[in-house]
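**Student:** Structure below; questions to follow.
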Amino acid sequence: MRYSKHFLNKLEDLIAETDYILRYERGNFNSGWCVLKDTKVIIVNKFFATDGKINCLIEIIKTVAIDQSVLSDKNQQLYLELAQTKLEL
């Protein structure tokens, strides 16, 4: 996987097809992101570099329960690839 703006857009599209709302906000988050489960909002620190945002989104996608049946074929394939990927920090 290449960490680029294009790949970040793919991750954002995948999350957009779920019940979660993605927001980039300023904050003092321990790991750079937080999930408000009651309202299904994902908040990522907007001051992170592109690779930091990508790592956060991948970690979130692996953590939250995503219904694959609502995803398009392209995003289902991306989701399955991400599920098998280990993050290199």
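The values are calculated or read from the model by the stated rules, or taken from the named source; none is laboratory data. Everything quoted here is computed from the prediction, not taken from an experiment. Every residue, glycine among them, receives a Cβ derived from its backbone with ideal geometry; neighbour counts consider all protein chains shown. Just so you know, the surface numbers come from the protein's heavy atoms only, side chains and all, with ligands and any DNA or RNA stripped out. Shrake-Rupley method; radii C 1.70, N 1.55, O 1.52, S 1.80 Å.
**Student:** Of the heavy-atom accessible surface of the stretch 1-84 (probe 1.4 angstrom), what whole percent is carbon and sulfur? Let's see the in-between values first.
**Tutor:** Details: 2430 of 5320 Å².
Reported share for carbon and sulfur atoms: 46 percent.
**Student:** Could you check which residue among Asp13, Asp73, Asp38 shows the biggest mean-square fluctuation in a GNM of the chain with a 10 Å Cα cutoff?
**Tutor:** Maximum among the listed residues: Asp38.
**Student:** For the charge dipole of the stretch 13-63, defined by +1 on Lys and Arg C-beta atoms and -1 on Asp and Glu C-beta atoms about the Cα centroid, which residue among Ile15, Ile58, Thr39 has the Cα displaced farthest towards the positive pole?
**Tutor:** Farthest towards the positive end: Thr39.
**Student:** Kindly count the pairs of lysines across the chain whose alpha carbons are less than 17 Å apart, treating pairs on different chains or eight or more residues apart as eligible.
**Tutor:** 10
**Student:** Kindly sort Tyr3, Tyr24, Tyr79 by accessible area of their heavy atoms, largest first, with the probe set to 1.4 Å. Show your work: numbers first, answer last.
**Tutor:** Numbers: Tyr3 95, Tyr24 65, Tyr79 35 Å².
Descending order: Tyr3, Tyr24, Tyr79.
**Student:** Then there is this: Hey, any idea what Rg/Rh is for the chain, computing Rh the Kirkwood way over Cα pairs?
**Tutor:** Details: Rg = 12.3 Å, Rh = 13.3 Å.
Here Rg/Rh amounts to 0.93.
**Student:** Which residues in the stretch 46-70 place their backbone N less than 19 Å from a point set 7 Å from the Cα of Tyr3 along the Cα-to-Cβ direction?
**Tutor:** 46-63
**Student:** Hey, can you find the accessible area per residue of the chain for me, probe 1.4 Å, expressed in square angstrom? Show your work: numbers first, answer last.
**Tutor:** Details: 5930 Å² over 89 residues.
Ligands and nucleic acids excluded, the figure is 67 Å² per residue.
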